[in-house]
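Undergrad: My questions all concern the structure below.
The values are calculated or read from the model by the stated rules, or taken from the named source; none is laboratory data. No experiment lies behind these values; they were computed from the predicted model shown. Here the Cβ positions follow ideal geometry from the backbone for every residue, glycine too, while neighbour counts run over all protein chains shown. Accessible surface areas use protein heavy atoms only, side chains included; no ligands, DNA or RNA. Shrake-Rupley method; radii C 1.70, N 1.55, O 1.52, S 1.80 Å.
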Amino acid sequence: RGPGVHGRPRRGGRRPGTTRLRMGLGSSRQSAAPAHATPAKASPAAPAKAFEDWIVDASAVGCSGLFYRAEPREGTSVRDPWPRNGTLIKAREVAPGWLEVDNGRYLPTASARGVPYVRKA
């Protein structure tokens, strides 16, 4: 095949002097586990922590309460009715700095600067 319009390679063609590589699967196979092998046992999961009483108090940062989160991370606020300062909630710690409330939502325990938003009752 000759060059295309204005000396450019034709569509789908290759430039002279280039090499086309062929990619494919090798002939080696990974060995499967023998049929009689027993599957690895999963380690027992740690028991979930029990829900405890907590009091919402975000007044130290000038807030009248906290917004619930859909996930234990910032930026996932939900528009559910939110707990105001002084509200008693049932929650358990699920990650560093996060509580899972008994309604399935999450609350941070402190601000990014370490000012607490909640305290145990």
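Undergrad: Would you please name the residue that is modelled with the highest pLDDT, looking only at residues in the range 47-72 that are open to solvent by 70 Å² or more (accessible area, probe 1.4 Å) and outside any loop (DSSP other than H, G, I, E, B)?
TA: E52
Undergrad: Output the residues belonging to the range 88-100 that are among the aliphatic types (A, V, I, L, M) and over 18 Å from the mean Cα position of the chain (by Cα).
TA: Matches in the range 88-100: L88, I89, A91.
Undergrad: A follow-up question, please. In the range 73-109, how many residues are farther than 17 Å from R119 by Cβ and not in a strand (DSSP E or B)?
TA: Summing the residues that are farther than 17 Å from R119 by Cβ and not in a strand (DSSP E or B) in the range 73-109 gives 13.
Undergrad: A follow-up question, please. Being more than 18 Å from the chain's Cα centre (by Cα) and hydrophobic (A, V, I, L, M, F, W, C) is the filter; apply it to the range 102-121 and report the residue that is least open to solvent (accessible area, probe 1.4 Å).
TA: Looking at the filtered set, the residue picked out is V118.
Undergrad: In the range 86-101, how many residues are open to solvent by 40 Å² or more (accessible area, probe 1.4 Å) and of a type in the set (D, E)?
TA: 1
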